[in-house]
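This report refers to the structure that appears directly beneath it.
The values are calculated or read from the model by the stated rules, or taken from the named source; none is laboratory data. Predicted model, so just to flag it, every value in this text is computed and none were measured. FYI the Cβ positions are ideal-geometry reconstructions off the backbone, even for glycines, and counts take in every protein chain you see. Surface accessibility is based on the protein's heavy atoms, side chains included, excluding ligands, DNA and RNA. Shrake-Rupley method; radii C 1.70, N 1.55, O 1.52, S 1.80 Å.
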Amino acid sequence: SQAEFNGNPDSLFFNDGKRRIDFVLVYEDESKNASEKKGSVMRRRVSQSHFHTFIYFSLHMPFEVLCTYAEVLHIKLPIQPNDLAQQSSAYNCFTRHFYPSEDVIAKEPDFFTAPFRKDQLKCFCVKDREQFFTPAVRSRMAYYILSRAPYDIKGSVKKFGISKLLDGGVYKAAYPLHDSRFNVKSKEPDCPNERFLLYNEWAHPKSFYKMQPLDLIRKYFGEKIGIYFAWLGFYTVMLTLAAAVGLGCFIYGYTTRESSTWSKEVCDPQIGGEIIMCPQCDQICPYWRLNTTCESSKRLCIFDNYGTLVFAIFMSVWVTLFLEFWKRYQAELEHDWDTVEFLQQEEQLRPEYEAKCVYERVNPVTQVCVSLYAATVLFWVLLIIASVVGVIVYRLAMFINFSAKLRTDLKYTKELEPFKEYVTPQMATSITASIISLIIIMILNNFYEKVAIWITDFELPRTKTEYENSLTLKMFLFQFVNYYSSCFYIAFFKGKVVGYPGQPVYWFGAFRNEECDPGGCLTELTTQLSIIMTGKAVWNNIQEVLLPWVKNLIFRHCTQVGSEKVIPRWEQDYQLQPIGKLGLFYEYLEMVIQFGFVTLFVASFPLAPLLALFNNLCEIRVDAWKFTTQSRRVVPEKAQDIGAWQPILQGVAILAVATNAAIIAFTSDMIPRLVYYWAISVSPHSDGSNHTMTGFINSSLSVFNITDFNGNSNPNVDTLFWFNNITTCRYRDFRNPPNHPNQYEYSIHYWHVIAAKLAFMIVVEHIVYFTKFMLSYMIPDVPEALKEQIKRERYLTQVILHETNIKHFKELMNIMGNVVFTRDSTVKHGYLKKK
């Protein structure tokens, strides 16, 4: 029946004040004209000539229905207070000083729990039937019923589920209610004001230094959101250590950049100023002096030093410790949140699977029907690779343009002349290409998202967990290629196959392949990483803050109440943004992509953990603000762990060892410098007897006779006044000089360096992998004390249930005995009287 609003904006109950509103459905009544809408339940103005009437259905779950579905969903409920001493981990001992005060957010009581059974109701702590099931559990069961409620049956075809009705626009929204406003306490006497507490102690910027109230987050939003914020918080705390070490590595490189022998030789006018370098493109690129790259050489020394090697090895160990200690912390959360025995077979089938699964087979083990759909993502991966090739072609074309014009423009423009030592053609090409790569990445993300969802829907997974895991793997594959392909190109392909000045290598027969700076491609890789990481973080945070706020502002304006100043709780929540079907998927994806940047290429950018730390400190509060203030309350979901993201993180951690070892070996100049110091700088390769780095620049540059240029690559030197009677130029490589029997072929020095690089990579990989394996073996996933406590609690739970059942059985036998005794007495008395 239709009921009028009672004027209390904070009420969560029907007008009788007893029945709680567990769920709300909203639909738009378009059957009435404007004059009839004045008497409807609600009236909303969209424009001056058009009105919308929204009708709100408030749903209540009676206690008997709650008991029925609590048994169906295997919901664990309290049977007796847990009086065992709780184990405290080292992580909790460190962070407990930063938690909100228990006077503000009370500690959740601990109980022995057991899966609910309706026939054993007396075994459970039912002090108040209305408070026995929490609002989160009630809304979860309400949504379970709604997602399976049939609405159209035609023959053998059955249509059911609130999701289909929402997608078809029949209903505008379906959501549980927030318990209060986020910035004002509810005036209701029994309202816990959990949303208000979460905003003040978690989402508000003033609480940026506080640890998250995870128990309250889990209680209000459910285990799935709770486990996400627990993982994000743990990741951020561990990043603090990595950021501190990375900052120390950066400071070491910055303070030693001037004293580096390599940079001194490059910047010395008597050494670098006398070395004439060969042109890096055909015809229009000029010869140039090595000391023009003095500033870029100093910047390179900040990242290409021995501290970077130590930091890369440290990060390989750090990522192992992070994953192993997360497993332990996750086990503690499973115990505290009662999800230890949450098994996949307890999860119900997706309504979409039940409705659409037609082509199926029977699993020989479980005797369960499974879908036969399969899909491929090869085409879309090739599309990403094609976009990367497009950016590479852009780099080749723009490098030629910058090489021809940039120096001239800077020289003859007085305002820009101070920057001529800093803005090189390579840097200009790298920065502009990185920005273009970032834009392409953001554009392609929208396409890949839709394709991944479409393929996963076509596969028709059985449960929501299987659906999310399947979608997770596809989206991560897309994003991995999309975000990291340009970085892999710079790190492992650029400058590796370029030939030599007289015989360069061309792309598509037209574009000469790119060369690295004399110091290597490490600086360019650092630039690419910093631009993509920073740009991605800024863009995502802007989206997460502005989009929900602007959408809510527009929606409130379009659905504003005419003369009504007070609106009910359900209408206040309707004006907020719904959480998408995928929920936390995009939050996880954003953090895992960031995790890849922090681990895969950290050898080239030690400041990556520091940038990630700053981003995560903002991300936690932005996500908290979004969930508590801008979004409708989500339907709570059960979750035991972070799902498919765990093996993805482990895979990234394993790959990171190989990529960082390869970056140090093949992208940086560390190995060539070590080879020169320990082998080339002394006899028999040199006249000296002491190990030294003096002369390394000269040994790392090969000689080319300018008369060996062919017609296509011969440069124009008319404008170079200093180019007088010079017959040779230098280029970055280890090749034999002119007039050698094998001129321009790789020299013995080259093969020494290659052998050292391969040996370094093999040795470092094996040492680090062995260390990771030993750490994983030595650190158990579940603490031994926690295992014993779980066993103890499980045993006591069985004892309590057994004793409670015996007690109830005795009470029943006493009642039955009293009934039999009374009946026997009555019969005997009647018999005597008759006799």
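Below, the figures for the structure above:
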| quantity | calculated |
| --- | --- |
| Counted residues, the range 263-320 - those being under 25 Å from PRO715 (Cα atoms) and charged (D, E, K, R) | 3 |
| Set ILE754, ILE767, ILE762, ILE815: member being within 30 Å of the chain's Cα centre (by Cα), of a type in the set (A, V, I, L, M, F, W, C) and either at pLDDT below 80 or closer than 30 Å to ILE663 by Cα (or both) | ILE767 |
| Single condition GLU64 does not satisfy, out of (1) at pLDDT below 85; (2) open to solvent by 80 Å² or more (accessible area, probe 1.4 Å); (3) not aromatic (Phe, Trp, Tyr) | (1) |
| Every pair of residues 6+ apart whose Cβ atoms lie under 6 Å, when the first sits in the range 110-131 and is open to solvent by less than 70 Å² (accessible area, probe 1.4 Å) and part of a helix (DSSP H, G or I) while the second is at pLDDT below 80 and not β-branched (Val, Ile, Thr) | CYS123/LEU801 |
| Residue check for VAL652: open to solvent by 10 Å² or more (accessible area, probe 1.4 Å) and of a type in the set (A, V, I, L, M, F, W, C) | no |
| The one condition in (1) of a type outside the set (A, V, I, L, M); (2) buried (at least 21 other Cβ atoms within 10 Å of the Cβ); (3) free of Cβ contacts under 8 Å to residues at least 12 places away in the same chain that SER689 fails to fulfil | (2) |
| Residue match in the range 567-575 (condition: open to solvent by 10 Å² or more (accessible area, probe 1.4 Å), at pLDDT below 85 and assigned to a loop (DSSP other than H, G, I, E, B)) | yes |
| Among the residues listed as GLY273, GLY246, GLY233, the single one being crowded, with 22+ Cβ neighbours inside 10 Å and in contact with a helix residue (DSSP H, G or I) (Cβ under 7 Å, 6 or more places away or on another chain) | GLY246 |
| Residue, nearest to ASN705 (Cα to Cα), within the range 731-766, restricted to residues that are assigned to a strand (DSSP E or B) and of a type in the set (Lys, Arg) | ARG735 |
| Verdict on LYS787 being more than 18 Å from ASP336 (Cα to Cα) and part of a helix (DSSP H, G or I) | no |
| Scan of the range 474-488 for residues that are more than 12 Å from LEU522 (Cα to Cα), modelled with pLDDT of 85 or more and open to solvent by 20 Å² or more (accessible area, probe 1.4 Å), ordered by number | PHE476, PHE480 |
| Test result for LYS219, touching a Ser or Thr at 6+ places or on another chain (Cβ under 8 Å), open to solvent by 50 Å² or more (accessible area, probe 1.4 Å) and among the charged types (D, E, K, R) | yes |
| Among residues of the range 438-467, those that are of a type in the set (Phe, Trp, Tyr) and open to solvent by 30 Å² or more (accessible area, probe 1.4 Å), counted | 3 |
